[in-house]
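Below is one structure; the comments refer to it alone.
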Amino acid sequence: MAALHTVPAAQALQPPPAAHPAAAGDGLSLEDRLTAVEAAMSLRLDEAAVAYEVNTAHIDTEPVDLADIITVPLTPTLQPPPQHSTTQPDTPVATLLGRARARMEADGWCAGALRDESGSVCLLGAIRNEAGGDRALEADAASVVLDTIRRRFGAHVDSVPRFNDAHGSGRIPLRMLDQAAATAAAKGL
C-alpha cells in the first residue's frame, strides 16, 4: 500500500513559477496567454470564495429588512397612497389602529412613557389616546398589536410597551400599527 503524502493546501493550490501560463517566450499567442491567465484567475477567485465561506461560516447573521435601512424623505408630492385597502371592511379595532398610527405620526414617537413632555406618544399611548376611554376596545387593539409583533419578531416579546421601548425610532412601531390594522380588518375585529 502506498503511503499518502499530504501537501498543505496553500502550497498545493499555487502553481510553480516556471509553469505560469503567461510567461513570455513560451510560444503562445497573446490570445492563448490571456485565456490561460483568465483560467488561472478564475481558479484563484473560486479558491478565495471557498476560503471566505469557510472563514465566515461561524458568524451568526440575521437577514436584513431593507425597509429598516432605506429611508426616503417624503414630500407632499411623493406621499405613498394610504395603506387602507377598500377591500377590507372598516372594523372598530382596525379603525382605532389606523387612528393610532395617524396620532403617532402627527404627535411623534417616544419611548419610556405613554406620552412624553413634548407630546409624543408610544404605541400603547397612541392606542389609549384614540380609544377615548373605551378600555375594552383599547385592550382588543393592544392584543392585536401584540399578536402582530409576536408573529413578526417571535413569541419572546412579552408586551407592547416593552417592544416599543426596544426601538430607537418610531419607524418599526408605525409599521406594526399598519400590519395590526390590516390583521384586525381581515379578522373582522
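The values are calculated or read from the model by the stated rules, or taken from the named source; none is laboratory data. As the structure is a computational prediction, the values presented were derived from the model and not from experiment. Using ideal geometry, Cβ is built from the backbone for each residue, glycine included, and neighbour counts are taken over all protein chains shown. Keep in mind that these areas ignore ligands, DNA and RNA; they rest on the heavy atoms of the full protein, side chains included. Shrake-Rupley method; radii C 1.70, N 1.55, O 1.52, S 1.80 Å.
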Selected residue [modelled with pLDDT under 90, under 26 Å from the mean Cα position of the chain (by Cα) and over 21 Å from D65 (Cα atoms)] from A155, A186, A126: A186
Under 6 Å between Cβ atoms, which residue pairs at least 6 apart in sequence (or on different chains) link something in segment 89-108 that is at positive phi with a partner that is open to solvent by less than 50 Å² (accessible area, probe 1.4 Å) and not aromatic (F, W, Y)? G108/S120
Given the structure, is L4 modelled with pLDDT under 55, closer than 30 Å to I172 by Cα and open to solvent by 80 Å² or more (accessible area, probe 1.4 Å)? no
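If I go through segment 144-179 residue by residue, how many of them are open to solvent by 60 Å² or more (accessible area, probe 1.4 Å) and either of a type in the set (G, A, S) or not in a loop (DSSP other than H, G, I, E, B) (or both)? Before the answer, list the steps.
So in segment 144-179, the residues open to solvent by 60 Å² or more (accessible area, probe 1.4 Å) come out as 147, 150-153, 155-156, 158, 162, 165-166, 168, 171, 179.
Among the residues that remain, those that are also either of a type in the set (G, A, S) or not in a loop (DSSP other than H, G, I, E, B) (or both) are: 147, 150-153, 155, 162, 165-166, 168, 171, 179.
Of the residues in segment 144-179, 12 are open to solvent by 60 Å² or more (accessible area, probe 1.4 Å) and either of a type in the set (G, A, S) or not in a loop (DSSP other than H, G, I, E, B) (or both).
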Only one of (1) part of a helix (DSSP H, G or I); (2) closer than 14 Å to M104 by Cβ; (3) open to solvent by less than 30 Å² (accessible area, probe 1.4 Å) does not apply to G119, and that is (1)
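Find the residue count for segment 129-139, including only residues that are surrounded by fewer than 20 Cβ atoms within 10 Å (Cβ to Cβ) and in a helix (DSSP H, G or I). Don't jump to the end; show me each part of the working.
Pass one, segment 129-139, residues surrounded by fewer than 20 Cβ atoms within 10 Å (Cβ to Cβ): 129, 132-137, 139.
Right, trim to in a helix (DSSP H, G or I) and you get 129, 135-137, 139.
The qualifying residues number 5.
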Need pairs with beta-carbon distance below 8 Å; first residue over 21 Å from D90 (Cβ atoms) and within segment 132-159, second among the basic types (K, R); sequence gap 6+ or separate chains. V157/R150
